[in-house]
Amino acid sequence: MSRAGVDRALVYSTRTLSDAREGNQVLLEATGNFTRLVPQFVCNPATDRLDDFATEVSDRQVCSIRMFPAHHSYPFRDWAVESWLEWLASERLPLWIGADEFDPSALHDTLKHRPDVTVVLCEVHYIHAPWATLLLKSLPNLYVELSCVVGSGGIATLLETIGEERVLYGSRFPDSPMAPQLYNLHRSELSEASLRAICSGNLDRLLSQGG
Amino acid sequence: MDTPVIDFHAHVSRLHSMDEVLAKYLSIMDAAGVDRACVNCINADARSGNELAARFVAKRPDRFIGVAFVTPRYPHEALREMDHAFDDLGMKSLKVYPDIGLPMDDPAYYPIFEWANERGIAVMSHTEYYSETSTLSAPRRFIGLAKRFPRVSWVLGHSGNSPQGQAQAMDAARSGPNVYLETCSSYGDHGTIERLVEGAGEDRVLYGSDMLLMDARFQVGRIVTADIALPAKRKVLGLNAIEVLGLDG
């Protein structure tokens, strides 16, 4: 992080892919003494009890949540996630979800009735770009994270489509390095204000809404 | 860092307006600090694709280097087309794409490679390896090719494109002095550049972007920010390409 010029990182445990509760505990142990690592919890609506999860999130002052519908084998549909979305809205907690984790139509149909839930679409590879762009245009409560946005002019296209307020720098570290996307951003003819918003301001705003 | 930057892996396509493509290329290349890009056209039959690539290069020969494309599916036309592409159109190297259905070391390619060997040119191929279910462009296939055609500079596009593929690519580079690894990848895994330089040697790694599919700024950023020494970065970014293509520095 220091080498790349990254001050803080929002992190989750990949252990959550097999067991969300265990993974969240592993995350807390791993990040406990490192204030530059901001923990993000993963929930699994198919197995977790919402009341217990909400208490843990509150006690640990966790400010964002991530879901893995595909890995955890549930659809991102009202009948599966509605109570969880109501809770996220009431607590003003943003939700992160990967582009490979859901059916775009299901996500669209679910979120168009929930403008009070903020969702961050992450790991958007160029194969996702056509539908992801349409989804971002359609849902004003949908943000996008940049770790896999490596297509030619991809960042410029996103900024033209949805503006800088819904775009967040991300790296996918340790699978991908932190610095190349920062290099890309700093060579994309962005204003100082836009760079600040994308690299930190937008995320700070999302994370400070909850609780 | 003041050093020549040459993109070894870029494409033009008939799907777009040439002037629009040129403007986008130059805008991104300037922003990324890329001096010249090697462009090929694999979206069409070889003749029309090479003509298109040559017309594109002719618009800014100071910024672009033509790369020919042929397919072994039409062997007699392929050899005539290489004569035309290199002697009439001024192409500097060759691109082949084994995922059209023939493995890279299929004998159907040999007349093409013999031609390339006689000329001592660089031949770049798409390479990838994820599992044994698809090995058409597995990097290990280049080990035999590099020995059989020693005057060809073999360039492994994407360097195998996965950790397993990279391991094969580095084995190929270590197997002979005429195998080079090109860096572009949409995954951009952490530590890839460092591993390739360590495993193949800093003289054997070439920067590439896969423009206009991918953004040169991100791909250059992978080299510039890699944890390798400055002289190695300069070689990867352009000095090695100058050597392989026989360009004036």
> When region A:53-85 is examined, which residues are found to be exposed (fewer than 15 other Cβ atoms within 10 Å of the Cβ) and under 24 Å from A:Leu37 (Cβ atoms)?
Replying inline: A:Thr55, A:Ser58, A:Asp59, A:Arg60, A:Gln61
>> If A:Glu101 satisfies all but one of (1) acidic (Asp, Glu); (2) surrounded by fewer than 17 Cβ atoms within 10 Å (Cβ to Cβ); (3) closer than 30 Å to A:Leu185 by Cα, what's the number of the condition it fails?
In response: (2)
> How many residues does region A:140-158 hold that are of a type in the set (Gly, Ala, Ser), out of contact with any Cys (no Cβ under 7 Å at 6 or more places or on another chain) and on the phi < 0 side of the Ramachandran plot?
Replying inline: 4
> All but one of (1) assigned to a loop (DSSP other than H, G, I, E, B); (2) within 19 Å of A:Arg114 (Cα to Cα) hold for A:Thr47; which doesn't?
Replying inline: (2)
> Residues in region A:157-207 that are hydrophobic (A, V, I, L, M, F, W, C) and within 7 Å of chain B (Cβ to nearest Cβ): how many?
Replying inline: 2
> Being within 17 Å of A:Arg66 (Cβ to Cβ) and part of a loop (DSSP other than H, G, I, E, B), is that true of even one residue in region A:197-210?
Replying inline: yes
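Every residue in region A:77-103 that is aromatic (Phe, Trp, Tyr) and within 15 Å of the chain's Cα centre (by Cα), please. It would help to see each step written out before you state the result.
As a first pass, look at region A:77-103 and keep what is aromatic (Phe, Trp, Tyr): A:79, A:84, A:87, A:96, A:102.
Correct list: A:Trp96, A:Phe102.
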>> Filter region B:193-225 down to the residues that are within 8 Å of chain A (Cβ to nearest Cβ), out of contact with any Phe, Trp or Tyr (no Cβ under 9 Å at 6 or more places or on another chain) and surrounded by fewer than 24 Cβ atoms within 10 Å (Cβ to Cβ) and list them by number.
In response: none
> Out of all the residues in region B:193-234, which are of a type in the set (Ser, Thr, Tyr) and under 16 Å from the mean Cα position of the chain (by Cα)?
Replying inline: B:Tyr207, B:Ser209
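Look through region A:59-110, keep the residues that are among the aliphatic types (A, V, I, L, M) and part of a loop (DSSP other than H, G, I, E, B), and return whichever of them is nearest to A:Gln40 (Cα to Cα).
This residue is A:Val62.
Search region A:134-156 for residues being within 12 Å of another protein chain (Cβ to nearest Cβ) and part of a helix (DSSP H, G or I), and hand back the single one that is surrounded by the most Cβ atoms within 10 Å (Cβ to Cβ). First the steps, then the outcome.
Filtering region A:134-156 down to residues within 12 Å of another protein chain (Cβ to nearest Cβ) leaves A:146-156.
With part of a helix (DSSP H, G or I) added as a condition, the list becomes A:154-156.
Numbers: A:Gly154: 21, A:Ile155: 25, A:Ala156: 16.
Top of the filtered list is A:Ile155.
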> Applying the selection to region B:227-236, what residues are surrounded by 22 or more Cβ atoms within 10 Å (Cβ to Cβ) and either of a type in the set (A, V, I, L, M, F, W, C) or facing chain A (nearest Cβ under 8 Å) (or both)?
Replying inline: B:Val236
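Here, each number is a calculation from the coordinates, and none is a lab measurement. Just so it is clear, the structure is predicted and the values come from calculations on it, not from any experiment. Counting neighbours? That spans all protein chains shown, and the Cβs are built from the backbone with ideal geometry, glycine included.
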